[in-house]
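What follows is one structure encoded as structure tokens, with my remarks underneath.
The values are calculated or read from the model by the stated rules, or taken from the named source; none is laboratory data. On a predicted model such as this, the values are computed, not experimentally measured, just so you know. FYI the Cβ positions are ideal-geometry reconstructions off the backbone, even for glycines, and counts take in every protein chain you see.
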Amino acid sequence: MAECVICGIVEGKTASKTVYEDSEVLGFLDYNGAVLGHAYIVPKKHYPIFEQVPDEVVSSVFKAANKISGALFDAMGAQGTNIFVSNGVSAGQSVAHFTVNVIPRKEGDNVNLEWKPIQLSEEEMSTAELKIKEVTKDMGAEKQEEKYAPEKQEKRESLDADEENYLWKSVNRKIA
């Protein structure tokens, strides 16, 4: 197996422009990005595809992606960001290392992430729903009552404050 290009970056064997780092995650700029500021957020440990990444690492990667997204608004004057994963060769994954793309967007930047919507029948939708539910029925088996525990409500209230701060920050970006 050929050496992983991203692991080479994580190990410092390959040059990169690092924009974020913590104990589990590395964020760096893409030299061949869609636009200036296009960043990759990767786990430092090698996981070829999304399904192999432990939940706690997924959480760390997406927290870092969120931070980088906010930084792109401030540092690059982004008006929006696309945050996505290409999972598997058919989805456009070109390196076998789980990666989250964070792309700063501006009106008229000529980045095209659109597809032509298809119209599905009710039968097709119902069939897909049943097939997916069958596979996921035993996933996420946390108790429903935990969702309504008092400590969860306290956490929700603090999230509301964070959301309000985000909205004010967004408004201030538009005014500036």
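Here are the numbers:
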| item | result |
| --- | --- |
| Residue in segment 88-96 that is surrounded by 14 or more Cβ atoms within 10 Å (Cβ to Cβ), under 11 Å from the mean Cα position of the chain (by Cα) and on the phi < 0 side of the Ramachandran plot present | no |
| Qualifying residue in segment 9-29 (condition: in a helix (DSSP H, G or I), out of contact with any His (no Cβ under 7 Å at 6 or more places or on another chain) and assigned by TED's automatic domain parsing to the domain that holds Lys63) | yes |
| Residues of segment 59-101 classified as of a type in the set (Val, Ile, Thr) and within 16 Å of Tyr20 (Cα to Cα), total | 5 |
| Counted residues, segment 1-50 - those being of a type in the set (D, E, K, R), within 17 Å of Asn101 (Cα to Cα) and exposed (fewer than 13 other Cβ atoms within 10 Å of the Cβ) | 1 |
| Meets criteria (closer than 22 Å to Glu24 by Cβ and either surrounded by 12 or more Cβ atoms within 10 Å (Cβ to Cβ) or out of contact with any strand residue (DSSP E or B) (no Cβ under 6 Å at 6 or more places or on another chain) (or both)) for Glu56 | yes |
